[in-house]
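The values are calculated or read from the model by the stated rules, or taken from the named source; none is laboratory data. The structure presented is a predicted model; accordingly, all values stated were derived computationally and were not measured. Don't worry about glycine lacking a Cβ; one is built from the backbone with ideal geometry, like all the others, and counts go over all protein chains shown.
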Amino acid sequence: MVIAMALYQYAWAVLLAPLLSFVVIVFGTRVWDLLSRPHIAATTTHAEEHAVEAHGSEGEDYGEHGEDDDDDPKVPRLSAGAIASGYVAIGIMALACIYSWIMLLTSVFNRQSLPAGGIDVLHYDWFVQPGGVASYSIIFHLDTLALAMMVVVTTVSLLVYFYSQGYMEDSAGYARFFAYLTLFTFSMLVIVFAENFLVIFVGWELVGLSSYLLIGFWINKRAKPAELRPSPSSAALQAFVANRVGDVGFIIGIMILFANTGTFSFAQLSTAVTHIDKNLLTVAMILVFCGAIGKSAQVPLHVWLPSAMEGPTPVSALIHAATMVAAGVYMIARTFPLYVAAGPAAFGTVAWVGAITALFAATVALVQSDFKRVLAYSTISQLGYMFVGLGVAGSEYGPGLGMFHLFTHAFFKALLFLGAGSVLHSLHHATHREVQDMRLMGGLGPKMPITAITWLIATLSISGFPFFAGFFSKDTIINLTAERSDWGLYIITLGTAGLTAFYMLRAYILAFGGKGGSFGGLWGGPYRGEGQPHESPITITLPLILLAIPSVIAGYWFGFFDYIQPGAPVLNLSTILSDAKTWIGVVVALAGLAVAYTLYCRVDAAKLHAFVQNNALLRATHNFLYHAYYINELYDLLIRYVVLGISHIEQAFDTYVVDGIVNGVARLALLLGRDGRYVETGRVQSYMIGFFGGVAVLAVLVFALVTFGVGK
Amino acid sequence: MDLATLIFWIIAVILVGSALMVVGLRNIVHSAVALILLFAMAAGIYVLLDAEFIAIVQILIYAGAVTILILFALMLTRITGQQSRTNPTNKQWWIALVICTLLGVSIIYAATTSPHAVATVGSDSGQLPAGINNVVRIGQLLYSPTQYSFVLPFEIASLVLLVAIIGAIVIGRED
Amino acid sequence: MGLTLNHFLILGAILFCIGLYGAISKRNAIAVLMGIEIMLNAVNVTMIGFSFFNHVKPYSTYLTGQIFAIFIITVAAAEAAVALAMIIAIYRKRETVDVGEIDIMKW
């Protein structure tokens with residue numbers, strides 16, 4: 001018991017581990033790297049040397065991939081410092097991951113060892129307002145919710161780090177990449193450990209910053225309008241700005257809560273909010289949810305997530321599985337008691353936003369041809385499920401429902417992304433071009449067996465195929481909407497499950513299978529691209545294999561709800577299997593899979609394409625979905641005409657009114673001076689008139705006042 | 001009406017009349033001559049007020065020196081082409097008239113209505129000790145190093161005069 | 001009725017205003033100077049008048065008004081000397097003694 005307490009007390013080590021690696025990389029290995037660079041020949045001038053240093057700041061030189069000059073610089077060989085940076089990050093993260101797993105297992109098998117309310121692992125009073133009105137504290141808190149999330153974050157981070165070794169092997173900025181990754185993990189852990197809104201907001205913004213840095217990592221890459229792909233730098237900017245929009249609501253919500261209760265702490269808030277007016281609390285919680293909408297890419301702030309695909313694929317995996325988008329879900333789970341206090345309106349908002357997002361994103365994902373973009377929309381859709389889960393759970397189930405899906409989703413989504421990255425990496429080596437279009441893939445199964453099999457596992461898991469992880473977490477959510485008699489939500493989530501199965505298997509077949517392959521087209525088939533792709537190196541495939549395991553078994557943690565919130569129902573395999581609703585879900589999922597199989601394995605791709613193009617309605621629908629309901633374009637117009645219009649008006653206001661007043665005052669002074677100087681005639685007698693005239697007026701005034709008694 | 005009052009009125013009328021002549025005459029030389037009359041009449045007022053020394057000084061300095069100085073200046077600065085009207089007024093004369101009227105009315109009003117710290121009626125007796133006349137008393141007040149006197153201001157005044165002499169020479173020098 | 005202080009104060013006021021009128025309205029600089037001399041004399045009249053009507057011992061024996069008048073005369077003499085020198089100097093440079101034309105102080 002004592003040992004267990006000590007174990008938890010040092011949990012802050014997990015939090016600080018990525019920060020430590022960040023510091024070591026930035027100030028240690030990178031500096032070493034710079035210092036140990038071979039010096040340029042003495043003939044170069046001083047200025048040139050500086051220029052070279054500035055460009056190859058990681059000690060690497062530009063590669064010679066002349067044809068894709070819009071790609072970021074590649075290097076033939078990593079320097080020792082850069083490699084060491086990766087090792088530092090991986091090593092430290094491995095320790096943190098092991099430590100968090102130990103803590104998780106200890107708390108699972110010895111439920112009493114961790115107090116029900118959790119423990120503060122670090123408490124620092126930043127400043128206390130005199131009189132005890134309010135205190136602003138930095139508190140890091142460990143409870144079961146944080147622990148479950150922490151395990152996900154550290155595990156996925158570790159595997160992504162490991163994977164990045166292989167994926168980024170020839171990319172310039174290798175050390176910088178690892179520094180950003182560790183910063184990203186640290187930011188997310190700040191959110192995980194946060195005990196009050198103050199800390200969570202700091203973590204929130206840190207996540208925003210690091211995602212900005214990572215999405216825009218390939219700073220030299222240009223936009224590809226033909227494929228609807230923005231440049232990484234503008235994608236990073238879009239992510240940042242979209243998050244700011246949500247953060248406005250978030251921060252207003254926090255302020256409302258703080259103004260009415262005087263505390264940021266979740267624990268104190270959950271008791272204090274009972275005194276707040278319920279409507280006000282509902283408004284506040286919906287505003288807080290706005291932050292989650294931005295961070296977790298829900299409609300209408302989802303636009304940044306597909307664009308964020310421009311970042312390196314490991315980053316996408318990290319964003320989608322563990323760090324960025326999970327933050328919104330985790331935050332709602334963390335503030336769950338406040339939503340309980342706020343009542344059904346707040347929950348309803350969460351659930352419906354989630355449901356609409358799930359359906360919307362699933363429909364868009366149906367037709368995407370970009371490999372990563374399908375996954376992006378599927379993430380949006382699955383996040384919608386999580387919010388539905390949080391929204392319908394109520395106090396009985398607690399936040400476990402949404403968190404469970406987050407937990408399982410983290411593994412198979414990371415697997416999907418890393419697998420996709422493996423394919424892209426392989427194709428890049430084969431074609432020396434960046435290929436993300438699934439129409440240029442196909443039949444990769446036999447060429448990349450490990451990737452294909454693990455990807456298939458993840459596909460089945462996300463589709464809700466029975467006995468895979470996603471089946472348990474997703475079907476529980478869908479079934480609960482039915483149990484709550486929320487038929488609208490039920491139909492949407494159920495339909496979305498079918499769509500999910502369809503588009504995921506479609507993506508799999510387009511990449512790895514095709515008509516003519518074995519197993520009826522599921523394995524192999526014609527390869528539509530160039531070159532000879534082959535399986536990725538072990539650094540890439542090992543994380544895939546490791547992730548495939550939890551993608552199957554993570555769903556079997558039936559006590560998850562109870563673990564997150566003691567007293568919540570425990571799942572039971574036989575109950576699940578004997579429930580008719582479960583089988584309805586399975587049938588829908590299987591139907592989705594079957595349609596995908598029929599369309600893409602049995603029918604010629606060209607024929608299908610021609611069929612869609614020849615039917616006006618289908619073509620229009622296809623375009624509509626392919627452009628994601630034209631929401632990006634809509635925002636573009638909105639910003640171009642409304643926001644910029646308002647800005648122009650405000651600018652005009654600033655130019656003509658504000659500046660006008662300021663300049664007007666100056667001009668007035670100038671005018672007064674220019675025209676008033678003629679008063680100064682230079683003739684003494686005018687001055688005498690002024691002087692004695694003033695005296696006369698004053699004298700008359702004084703005597704008039706004195707005489708008529710005004711002054712008395 | 002006693003003699004002093006009679007003399008006052010006579011002198012006052014001449015004084016004001018000569019002042020009006022100074023500002024009113026068209027020939028500036030005539031104005032200067034009227035100025036001499038004005039200074040002389042002012043000296044008469046001083047005598048009436050038992051200030052014999054100042055009356056003498058007035059005659060010496062004003063009626064003598066300053067007027068001669070002014071006449072010399074007039075001689076040196078002849079206004080060409082305006083022989084008949086050498087003392088013209090400018091365009092602001094009516095403003096000056098308004099201001100002066102207002103100011104004069106205010107001062108007269110103030111003088112007649114406000115209470116004075118000094119008596120309004122003079123008495124011939126007792127201003128000066130017996131045996132000491134005005135000149136002697138002024139001398140004591142200006143030069144005495146031992147009793148109450150204005151010896152320091154007096155010395156400073158002599159310095160002012162020195163500066164004025166040198167200044168006048170420097171400014172008026174032909175170079 | 002005998003002479004009162006007001007007689008002299010009013011006389012001084014009238015003289016002062018006449019002098020002021022002359023100083024403001026005349027074009028000839030020497031006439032302006034004459035107006036100023038009238039104003040100074042007007043002040044002297046009031047000064048000496050105050051001195052005469054002061055009966056408070058021992059202040060009345062100090063003849064402060066008269067002493068002031070002496071200093072005013074001194075300063076007036078100095079002023080007249082300097083002013084006339086300036087007028088002549090300006091006249092030599094600009095061939096005029098019209099105060100309205102002498103505006104080198106302007107803007």
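If only one of C:A29, C:A42 is in contact (Cβ under 8 Å) with a residue 60 or more places away in the chain, more than 7 Å from every other protein chain (Cβ to nearest Cβ) and either surrounded by fewer than 18 Cβ atoms within 10 Å (Cβ to Cβ) or not β-branched (V, I, T) (or both), which one is it? Spell out the reasoning first.
Numbers: C:A42 fails: in contact (Cβ under 8 Å) with a residue 60 or more places away in the chain.
Every option except C:A29 fails the conditions.
Is region A:297-316 home to any residue that is under 25 Å from A:F140 (Cα atoms), under 24 Å from the mean Cα position of the chain (by Cα) and assigned to a helix (DSSP H, G or I)? Let's see the steps before the verdict.
Keep residues of region A:297-316 that are under 25 Å from A:F140 (Cα atoms), which gives none.
The answer is no, given that none of the residues of region A:297-316 is under 25 Å from A:F140 (Cα atoms), under 24 Å from the mean Cα position of the chain (by Cα) and assigned to a helix (DSSP H, G or I).
Please find, among C:L5, C:L9, C:L15, the residue that is under 17 Å from B:I11 (Cα atoms) and more than 17 Å from the chain's Cα centre (by Cα).
Numbers: C:L9 fails: more than 17 Å from the chain's Cα centre (by Cα); C:L15 fails: more than 17 Å from the chain's Cα centre (by Cα).
Unique residue meeting the criteria: C:L5.
For every residue, the table says whether it meets (1) charged (D, E, K, R); (2) at pLDDT 85 or above; (3) more than 30 Å from A:L444 (Cα to Cα).
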{"residue": "A:L480", "(1), (2), (3)": "no, yes, yes"}
{"residue": "A:G516", "(1), (2), (3)": "no, no, no"}
{"residue": "A:P526", "(1), (2), (3)": "no, no, no"}
{"residue": "A:G529", "(1), (2), (3)": "no, no, no"}
{"residue": "A:H534", "(1), (2), (3)": "no, yes, no"}
{"residue": "A:I549", "(1), (2), (3)": "no, yes, no"}
{"residue": "A:F558", "(1), (2), (3)": "no, yes, yes"}
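Please enumerate the residues belonging to region A:275-296 that are part of a loop (DSSP other than H, G, I, E, B) and surrounded by fewer than 24 Cβ atoms within 10 Å (Cβ to Cβ).
Going through region A:275-296, the residues part of a loop (DSSP other than H, G, I, E, B) turn out to be A:276-277, A:296.
Across region A:275-296, the qualifying residues are A:I276, A:D277.
Out of C:E101, C:E95, I need the residue that is away from chain A (no Cβ under 14 Å) and acidic (D, E). Which one?
Numbers: C:E101 fails: away from chain A (no Cβ under 14 Å).
C:E95 is the lone residue from the list that is away from chain A (no Cβ under 14 Å) and acidic (D, E).
Within the bounds of region C:53-68, is there any residue that is farther than 19 Å from B:I56 by Cβ and either buried (at least 21 other Cβ atoms within 10 Å of the Cβ) or within 14 Å of chain A (Cβ to nearest Cβ) (or both)?
Yes: one or more hits.
Need pairs with beta-carbon distance below 9 Å; first residue assigned by TED's automatic domain parsing to the domain that holds B:L141 and within region B:155-172, second among the hydroxyl-bearing types (S, T, Y) and in a helix (DSSP H, G or I); sequence gap 6+ or separate chains.
Listed by first residue and then by second, the contacts come to B:A157/C:T74; B:S158/C:T74; B:V160/C:T74; B:L161/C:T74.
I need a count of the residues in region A:239-252 that are within 20 Å of A:V325 (Cα to Cα) and surrounded by fewer than 23 Cβ atoms within 10 Å (Cβ to Cβ). Walk me through it before giving the result.
Restricting attention to region A:239-252, the residues satisfying the condition of being within 20 Å of A:V325 (Cα to Cα) are A:239-251.
The next check asks that each one be surrounded by fewer than 23 Cβ atoms within 10 Å (Cβ to Cβ); those that pass are A:240-241, A:244-245, A:247-249, A:251.
Summing the residues that are within 20 Å of A:V325 (Cα to Cα) and surrounded by fewer than 23 Cβ atoms within 10 Å (Cβ to Cβ) in region A:239-252 gives 8.
Of everything in region C:13-26, what is touching a Phe, Trp or Tyr at 6+ places or on another chain (Cβ under 9 Å) and more than 7 Å from every other protein chain (Cβ to nearest Cβ)? Give them in sequence order.
none
Where the second residue is acidic (D, E) and the first is within 16 Å of A:W487 (Cβ to Cβ) and lies in region A:339-359, which pairs have Cβ atoms under 8 Å and are six or more apart or on separate chains?
A:A351/A:D486
Could you list all residues from region A:677-712 that are within 14 Å of chain C (Cβ to nearest Cβ), in a helix (DSSP H, G or I) and either touching a strand residue (DSSP E or B) at 6+ places or on another chain (Cβ under 6 Å) or of a type in the set (S, T, N, Q) (or both)?
A:Q685, A:S686
Identify, from the list A:R602, A:R619, A:R640, A:R674, the residue that is farther than 30 Å from B:L97 by Cα and within 11 Å of another protein chain (Cβ to nearest Cβ). It would help to see each step written out before you state the result.
Working: A:R602 fails: within 11 Å of another protein chain (Cβ to nearest Cβ); A:R619 fails: within 11 Å of another protein chain (Cβ to nearest Cβ); A:R640 fails: within 11 Å of another protein chain (Cβ to nearest Cβ).
Residue meeting the stated conditions: A:R674.
Restricting attention to region A:210-230, report how many residues are buried (at least 16 other Cβ atoms within 10 Å of the Cβ) and not in a loop (DSSP other than H, G, I, E, B). Talk me through it step by step, then tell me what you get.
Residues of region A:210-230 that are buried (at least 16 other Cβ atoms within 10 Å of the Cβ), as a first pass: A:210-218, A:221, A:223, A:228-230.
If we keep only those that are not in a loop (DSSP other than H, G, I, E, B) as well, we get A:210-215, A:229.
Count: 7.
Considering each of B:V98, B:V33 in turn, give the residue that is closer than 24 Å to A:F692 by Cα, among the hydrophobic types (A, V, I, L, M, F, W, C) and more than 7 Å from chain C (Cβ to nearest Cβ).
Values: B:V33 fails: closer than 24 Å to A:F692 by Cα.
On inspection, the qualifying residue turns out to be B:V98.
Regarding C:T74, is this residue surrounded by fewer than 21 Cβ atoms within 10 Å (Cβ to Cβ) and either part of a helix (DSSP H, G or I) or away from chain A (no Cβ under 14 Å) (or both)? Can you show your working first?
Details: surrounded by fewer than 21 Cβ atoms within 10 Å (Cβ to Cβ): yes; either part of a helix (DSSP H, G or I) or away from chain A (no Cβ under 14 Å) (or both): yes.
Yes, satisfied.
Would a scan of region A:409-428 turn up a residue that is more than 23 Å from A:G166 (Cβ to Cβ), in contact (Cβ under 8 Å) with a residue 12 or more places away in the chain and not in a helix (DSSP H, G or I)? Break it down into steps so the answer makes sense when it comes.
Within region A:409-428, the subset more than 23 Å from A:G166 (Cβ to Cβ) is A:409.
So of that shortlist, the ones also in contact (Cβ under 8 Å) with a residue 12 or more places away in the chain come out as A:409.
Subset that is not in a helix (DSSP H, G or I): none.
Among the residues of region A:409-428, not one is more than 23 Å from A:G166 (Cβ to Cβ), in contact (Cβ under 8 Å) with a residue 12 or more places away in the chain and not in a helix (DSSP H, G or I), which makes the answer no.
Six or more apart or on different chains, Cβ under 9 Å: which pairs go from a residue in region A:475-494 that's at negative phi to one that's acidic (D, E) and surrounded by fewer than 20 Cβ atoms within 10 Å (Cβ to Cβ)? Could you list them?
So the pair list comes out as A:D475/A:D579; A:N479/A:D579.
Here are some residues: A:F289, A:F264. Which one is farther than 24 Å from A:I356 by Cα and not polar (S, T, N, Q)?
Values: A:F289 fails: farther than 24 Å from A:I356 by Cα.
Checking each option against the conditions leaves just A:F264.
If I ask for residues that are aliphatic (A, V, I, L, M), assigned to a strand (DSSP E or B) and modelled with pLDDT under 85, which ones from region A:105-145 would you list?
Taking region A:105-145 as the starting set, the residues that turn out to be aliphatic (A, V, I, L, M) are A:105, A:108, A:114, A:116, A:119, A:121-122, A:128, A:133-134, A:138-139, A:142, A:145.
Those still in the list that are assigned to a strand (DSSP E or B) too: A:119, A:121-122, A:128, A:138-139, A:142.
Passing the criteria: only A:V128.
Would you tally the residues in region A:260-311 being within 30 Å of A:G216 (Cα to Cα) and without any contact (Cβ under 8 Å) to a residue 40 or more places away in the chain? Talk me through it step by step, then tell me what you get.
The first filter runs over region A:260-311 and keeps only residues within 30 Å of A:G216 (Cα to Cα), leaving A:287-311.
Keeping just the survivors that are without any contact (Cβ under 8 Å) to a residue 40 or more places away in the chain gives A:287.
Here the count works out to 1.
Can you tell me which of (1) more than 20 Å from C:Y21 (Cβ to Cβ); (2) more than 11 Å from the chain's Cα centre (by Cα); (3) β-branched (V, I, T) is the one B:I45 doesn't meet?
For B:I45, the failing item is (2).
Just give me the residues in region C:80-92 being within 14 Å of chain A (Cβ to nearest Cβ) and in contact (Cβ under 8 Å) with a residue 24 or more places away in the chain, in sequence order. Break it down stepwise before answering.
So in region C:80-92, the residues within 14 Å of chain A (Cβ to nearest Cβ) come out as C:83, C:86-87, C:90.
Selection gives C:A83, C:I87, C:I90.
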